[in-house]
Structure formats: C-alpha cells, structure tokens
Amino acid sequence: MNQSVRTRVQQLRELSRPDRVFDFMLPAQSPVDVRHGPILYLEDVSVSFDGFRAIDRLNLTIDDGELRCIIGPNGAGKTTMMDIITGKTRPDSGQVWFGSRHNLLTLDEPRIANLGIGRKFQKPTVFEALDVSENLELAMAGDRRVWKTLLARLDGAGQARIDEVLETIGLTGERHRLAGVLSHGQKQWLEIGMLLSSARACCWWTNR
C-alpha cells in the first residue's frame, strides 16, 4: 500500500469515528436551539403506503455534531425516514423536531432546507463546467439572488472555509480541476463538500 492510499485510508477512518464531533458542520449562528436537547428528535413516527407499514413507531435522537449511520436492507424504511425529515413525505403519526423550536411536520421542503437540513443522493450533482473550488463557493451560505450572486466576491473567511472543506473531503490537490473530469468517487466527495460549505446544521446522505 503506497503512502497516498495509506493517507486516504487514515482520513476515512478519522471521518468514521463514532465519537467524533464535526465542528465544521455547525454554522456560526445556527437557527437551531439545542441548549435543551438534541438537534434532531423523532418520536413514535409511523407511515404506511397502500397498507404497507414502511415505518412503525420509529424513535430516533441525534445530538449536535454527532455522526450517525442508519443501516438496513432494502425496504427497511431508511429513505422514507429521510423523506419525512426533509418534508417530502408526511407521516401518519408521530413527532419530528429540529432542535427544540422547529416542528418539521408543519414545514414544507424549502423551509426545512432553509433551516439548515441538507440531503445528498447517490448520484452526484455538481456543476461540471466549474472547477472544484468554484463549486464549493457557489454552495456557500449567503444571499443567492441574481445580482447578489453575480457581484459577490470571496473574502478571506470564505476562502478559509473552502480550504477547510477541501482538506476534509480530500480534494485540496484538485481545487482547480473541472468538476466534470473528476472520477465518480471524487464527485461524490465534492457534493458532500458542497453540503458542508453551505453550513448546514444537519446533513443526510442516502444510497438511494
């Protein structure tokens, strides 16, 4: 095993540590109040489709900065759970809270996304005509109206944020490469980096 492979394996092991707290996932001024509890809370959530019980009284608690992996066979309800959290699907019963103040079952998908919940699907979606750094810059939190975006200039703090994310996703050496020529795996990491750049308070990745 050469040095670059060993380094990559070490990075992946570090990312997968169950006790690691991911400070880079926390926005400087989060709209989520976690002083009195977890960042995400599901209680007795159930949902059925045409008589099939996809989720049956699910309870799940995720703390601020926690990395949680949801593993199960096809049809176990993993994607349905994420659909409920992100507002795509409404459960038949139960509660879903983001922090202590936001009842996600009363909000639509755009409002949930604006609160800071991001989601990544299996197929990567990146801006292939832009380089890696530009993809991360576009994904950063901020005013995205047309003129604001066209006239925006990256400041020192923004560049530092991009450097931090590039280091985290292992693409520092690819920052000036076009996203379209990256390998499939690198595109996956780039899209994860775009979620992190957007300062989401809660990120979900699905293999769907």
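Worth pointing out:
- Hits in the range 76-125 (condition: small (Gly, Ala, Ser) and touching a residue at least 12 places away in the same chain (Cβ under 8 Å)): Gly77, Gly87, Ser93, Gly94, Gly99, Ser100, Ala113, Gly116, Gly118
- All positions within the range 81-131 that are more than 18 Å from the chain's Cα centre (by Cα) and hydrophobic (A, V, I, L, M, F, W, C): Leu105, Leu107, Ala129, Leu130
- Restricting the search to helices (runs of 4 or more DSSP H) fully inside the range 88-172 and requiring at least 1 residues that are modelled with pLDDT of 90 or more gives 109-115, 132-139, 156-169.
- When residues of the range 30-69 are limited to those that are among the small types (Gly, Ala, Ser) and in a loop (DSSP other than H, G, I, E, B), the one nearest to Gly99 (Cα to Cα): Gly37
- The residue pairs whose first member lies in the range 181-197 and is farther than 8 Å from Leu171 by Cβ, whose second member is β-branched (Val, Ile, Thr) and not in a helix (DSSP H, G or I), and whose beta carbons are closer than 7 Å, counting only pairs six or more residues apart or on different chains, are Lys187/Val126; Glu191/Thr125; Glu191/Val126.
- Lys78 vs. criteria crowded, with 17+ Cβ neighbours inside 10 Å, within 24 Å of Gln122 (Cα to Cα) and of a type in the set (D, E, K, R): yes
- Qualifying residue in the range 191-207 (condition: modelled with pLDDT of 85 or more, among the hydrophobic types (A, V, I, L, M, F, W, C), assigned to a strand (DSSP E or B) and in contact with a Ser or Thr (Cβ under 9 Å, 6 or more places away or on another chain)): no
- Total residues in the range 42-67, condition surrounded by 15 or more Cβ atoms within 10 Å (Cβ to Cβ) and over 15 Å from Met81 (Cβ atoms): 4
The values are calculated or read from the model by the stated rules, or taken from the named source; none is laboratory data. This one's a predicted model, so the numbers in the text were calculated from it and none came from an experiment. In this analysis, Cβ positions are derived from the backbone assuming ideal geometry, glycine residues included, and neighbour counts consider all displayed protein chains.
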